[in-house]
Amino acid sequence: MFPTKGIRMITTKDLKSELKDKKKQFIDVRTVNEFNGNKIKGFKNIPLHELKQKAVTELSKDKELVVICQSGMRSQQACKQLKKLGYNQVTNVKGGMNAWQ
């Protein structure tokens, strides 16, 4: 998996220290069932297939977006979509929920 220009990559260990940051928005792009089965407190569920429609109304361009999925692949796609939609501060969590402990 190659990092995309302008998308910051963090580990789940880094994520733990960033979760309390009120200047960030935390987005989980897994399906509703995946999210309900196992989630991190503070993350909002916006499934990847709904991201384009919901980003405009539910996400602020003034705050950094931290995106997670199950393995890091869908969140990488989501980060690319968000960049195209004009979100400048986008972060992908490497390894996703598989790496979260």
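The values are calculated or read from the model by the stated rules, or taken from the named source; none is laboratory data. These numbers were taken from a predicted model, which means no experiment stands behind them. FYI the Cβ positions are ideal-geometry reconstructions off the backbone, even for glycines, and counts take in every protein chain you see.
Here are some notes:
- Counting the residues of the range 23-51 that are aromatic (Phe, Trp, Tyr) and within 10 Å of the chain's Cα centre (by Cα) gives 2.
- Filter result (of a type in the set (D, E, K, R) and out of contact with any Ser or Thr (no Cβ under 9 Å at 6 or more places or on another chain)) within the range 83-101: Lys84
- The residues in the range 72-94 that are buried (at least 16 other Cβ atoms within 10 Å of the Cβ) and not in a helix (DSSP H, G or I) can be counted, and the count is 8.
- Matching option when the condition is assigned to a helix (DSSP H, G or I) and either free of Cβ contacts under 8 Å to residues at least 12 places away in the same chain or charged (D, E, K, R) (or both), among Lys5, Lys54, Lys20, Lys61: Lys54
- Pairs linking a residue in the range 65-91 that is touching a residue at least 24 places away in the same chain (Cβ under 8 Å) and closer than 10 Å to Gln25 by Cβ to a residue that is buried (at least 17 other Cβ atoms within 10 Å of the Cβ) and small (Gly, Ala, Ser), with Cβ atoms under 7 Å and 6 or more positions apart or on different chains, are Val67/Ser75; Val67/Ala78.
- The range 24-37: number of residues that are assigned to a loop (DSSP other than H, G, I, E, B) and either modelled with pLDDT under 95 or buried (at least 18 other Cβ atoms within 10 Å of the Cβ) (or both): 2
- When restricted to residues that are under 15 Å from Leu82 (Cβ atoms), out of contact with any Phe, Trp or Tyr (no Cβ under 9 Å at 6 or more places or on another chain) and free of Cβ contacts under 8 Å to residues at least 40 places away in the same chain, the range 23-51 contains 5.
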